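Below is one structure, written out as structure tokens; comments come after it.
The values are calculated or read from the model by the stated rules, or taken from the named source; none is laboratory data. The model shown is predicted, which means the values in this text are computed figures rather than measured ones. Note that we place each Cβ from the backbone using ideal geometry, even for glycine, and neighbour counts take in every protein chain shown. The protein model used for the area step is the full one, side chains on, heavy atoms only, and it has no ligands, DNA or RNA in it. Shrake-Rupley method; radii C 1.70, N 1.55, O 1.52, S 1.80 Å.
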Amino acid sequence: MAKGKSADDREAKYGERMIELRVRFWTDGISIPGKLRPKHGWTSGVVRVKANRAHGIEAGKARTFNSLLDMNAAIEQTLKDHGIVLHVSRGMKGYIGTKLPD
């Protein structure tokens, strides 16, 4: 089998090849009722994964976060909840080690 290939590999149409997460920020209570303040939101909100048949991903429950620091944990937990595995990109390999030094 070719390098990087797996028995689980499958065909995917254009638009189905990416894994998509959506981050949404709350905006309630920032301005008077019935109006909104453009481009303003709270530092809290929800993260959810978009369904993707090619990847076998079903949309799940949104995971809330209460601060920008908490958002990363919500993203990480959402990925784990859906069994999504991320691999280190070429750009990160320069400063992320995969093995402990001898």
For the stretch 85-97, Karplus-derived ³J(HN,Hα) couplings (6.51, -1.76, 1.60; θ = phi - 60°; whole Hz; x for glycine and proline) come out as 10, 9, 10, 5, 6, 4, x, 7, 4, x, 9, 10, x
Could you pull the accessible area for Thr43 with a 1.4 Å probe, rounded to 10 Å²? 70 Å²
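Suppose R0 equals 22 Å. What FRET efficiency, 1/(1 + (r/R0)^6) with r the Cβ-Cβ distance, do Phe25 and Ile84 give to the nearest 0.05? Could you put the intermediate results ahead of the total?
On the way: r = 22 Å, r/R0 = 1.01.
Result of the calculation: an efficiency of 0.50.
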In the stretch 21-96, lysine pairs 8 or more places apart or on different chains with C-alpha atoms under 24 Å apart total 5
What is the magnitude of the charge dipole of the stretch 21-96 about its Cα centre, with +1 placed on the Cβ of each Lys and Arg, -1 on the Cβ of each Asp and Glu, and no other charges, expressed in debye to the nearest 20? 300 debye
Could you give the length gained on full extension between Leu68 and Lys93, defined as 0.36 nm per residue of separation minus the Cα-Cα distance, in nm? 6.4 nm
Per residue, how much accessible area does the stretch 21-96 show when a 1.4 Å probe rolls over the protein heavy atoms, in square angstrom? 80 Å²
